[in-house]
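S.K.: Have a look at this one before I ask anything.
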Amino acid sequence: MTFPNPLIPGFSPDPSVVLADGVYYLVTSTFEYLPGIPVYRSTDLVTWTHIGNVATRPEQAGVDDVTTGGGVWAPTIRYRDGVFYVIVTIAMSPRGCVVFTTTDPAGPWSDGITIEGVDGIDPDLAWDEDGTAYVTFSGLSTSGEQMGQHPGIQQVRVDLAAGKALEMPRSLWSGTGLKFPEAPHLYRRGDYWYLLIAEGGTERGHSVSVARGPAAEGPFEGHPANPVLSARSTSRPIQNTGHGDLVATPAGGTALVLLGVRPLGLTQSFSPLGRETFITPVSWDDGWPQPEPVRLAPRNAVDERNAVDEEVFDFADPSALADPGWLAVRTTPESVASVRDGRLAITGQAGLGDPHPQFVGRRQRHLTAAVSATVDASSGAGGLAARYDEEHWICLEARGTVVTARAHVAGITQSWQATVPAGDVELRLEMTLPSAGFGFVAMGGDRIRLLAAGTLVTELDGRYWTSETCASFTGRVIGLYASAGTVSFADFRYRGADA
């Protein structure tokens, strides 16, 4: 079987996957964005549909006041006796380690139960033959007096209904000694229990290591050739490979779903889309899983019908904002924007540098992409923006007949202006690959062109809005916003092509 890679493009880190009654379901992290934890469905591990989100109500996630980089970290999805479970850490939030349940992965999901006694990140959920539930997690503390301390991979037996650990955490196997042992997943296969973890940090040193033992509680013995997967010190087009979850394939084999990035340029330095979801086949040798190196396989190479990905949202359709791919920052899209009188309206209260901007967007999913919107800013100020976080964003902001392009990086802002006709104006962002030749351009990031009414306002080096520069766990989200007054939008268009 040929898998497309990336499997889920754009801001889609920390994937977890489960096979339930012949259907695959996959979830990823969302950090400070809502709705939280997208749910994707597939029958073949190749074609995926975004069917909903776990945290669609603000009270489920509790990310209103989390710092940038906090929030919804590394969910695990599992299935047992007709019920789907998602266990996740909501970092730097009172919610802590939460388990959500449903019988329909499209939702709605439960409000979630906090599991007291699990102070860590990246929780996994598994059951032994007797039905005992185990939460295995990375011991990094994200709150309280122990914040920042990391005792390695931990495990507790839990009472899911009561929401509590039944014992003090015990230490399991924590890898080969590389930094940040995390992302544990526990599986039973044949005579062994397998413990899969990530280590080396989620940057270029990221890797996958595995151990096995006779019981869910161990003791665990590491694979003699750990780490079994890493792209570190290579020039592979997919870097930072790690944080994996094993799953059976339709053909009866095994695959590893994991995260990675696609860095650009001669030096592979900058990844505009952030951490994405990839997949790679796994063979078994002497009872050990051996993942293959993660190979780039754009969807247009796997299926020429997917050469171009195009989305058009015409806000004459009142249901356009109901699509599950819309995101807002620390709140829900419907609390920021509304569709009325054939347009989407946003009323601005703060700019893009605010922790709670009036912004609704969608993931940039392709390295080559064009995004546009038709904007009426006669009663306010706002337009089209690409956001990494409060400190890293670019925008085309219309106010009356003046459009201002702004580029904001770590407290520094530069701006350019253009005059446009009154009324509706098309604002457009175009992202293209850097030059293939030698020189400064080839060493940088993607090229970002900002256009108003068909006129180029400025062109930027996209290295300043990448996961490496922003040191962000997310990825580029491109969308609509208002900073003052009420701004209305007739449409939003996205067109991307795999490179």
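The values are calculated or read from the model by the stated rules, or taken from the named source; none is laboratory data. Just so you know, these numbers come straight off a predicted model, no measurement behind them. Glycine gets a Cβ as well: all are built from the backbone with ideal geometry, and neighbour counts include every protein chain shown.
S.K.: For region 171-182, indicate whether the set of residues that are surrounded by fewer than 22 Cβ atoms within 10 Å (Cβ to Cβ), hydrophobic (A, V, I, L, M, F, W, C) and not in a loop (DSSP other than H, G, I, E, B) is non-empty.
M.R.: No: zero hits.
S.K.: Can you tell me which residue is modelled with the lowest pLDDT among those in region 234-268 that are assigned to a strand (DSSP E or B) and under 18 Å from Gly445 (Cβ atoms)?
M.R.: Leu264
S.K.: Now for a different question. List the strands (runs of 3 or more DSSP E) inside region 287-401, counting only whole elements, that have at least 1 residues being more than 19 Å from the chain's Cα centre (by Cα).
M.R.: Once the strands (runs of 3 or more DSSP E) in region 287-401 are filtered for at least 1 residues that are more than 19 Å from the chain's Cα centre (by Cα), what remains is 288-291, 308-314, 337-340, 343-348, 358-363, 368-376, 380-389, 392-399.
S.K.: Of the residues that make up region 104-113, is at least one aromatic (Phe, Trp, Tyr), buried (at least 18 other Cβ atoms within 10 Å of the Cβ), under 22 Å from Phe278 (Cα atoms) and modelled with pLDDT of 95 or more?
M.R.: no
S.K.: Something else now. In region 454-466, how many residues are under 20 Å from Glu426 (Cβ atoms) and either crowded, with 17+ Cβ neighbours inside 10 Å or of a type in the set (Asp, Glu) (or both)?
M.R.: Result for region 454-466: 4.
S.K.: Ok, one more. If you check Asp128, Asp124, which single one turns out to be closer than 25 Å to Val17 by Cβ, acidic (Asp, Glu), surrounded by fewer than 21 Cβ atoms within 10 Å (Cβ to Cβ) and in contact (Cβ under 8 Å) with a residue 40 or more places away in the chain?
M.R.: Unique residue meeting the criteria: Asp128.
Residues are listed down the side, and each one gets a yes or a no for (1) more than 30 Å from Val261 (Cα to Cα); (2) at pLDDT 95 or above; (3) in a strand (DSSP E or B):
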| position | (1), (2), (3) |
| --- | --- |
| Trp416 | yes, yes, yes |
| Phe438 | no, no, no |
| Gly445 | no, no, no |
| Leu450 | no, yes, yes |
| Leu456 | no, yes, yes |
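S.K.: In region 84-95, which residues are farther than 13 Å from Phe31 by Cα and either under 19 Å from the mean Cα position of the chain (by Cα) or not hydrophobic (A, V, I, L, M, F, W, C) (or both)?
M.R.: Answer for region 84-95, where residues must be farther than 13 Å from Phe31 by Cα and either under 19 Å from the mean Cα position of the chain (by Cα) or not hydrophobic (A, V, I, L, M, F, W, C) (or both): Tyr85, Val86, Ile87, Pro94, Arg95.
S.K.: Please find, within region 44-74, the residue that is nearest to Pro94 (Cα to Cα) out of those that are surrounded by fewer than 16 Cβ atoms within 10 Å (Cβ to Cβ) and without any contact (Cβ under 8 Å) to a residue 60 or more places away in the chain.
M.R.: Glu59
S.K.: Is it fair to say Thr47 is in the same structural domain as Gly152 (by TED's automatic domain parsing), under 19 Å from Ala20 (Cβ atoms) and not in a loop (DSSP other than H, G, I, E, B)?
M.R.: Answer is no for this residue.
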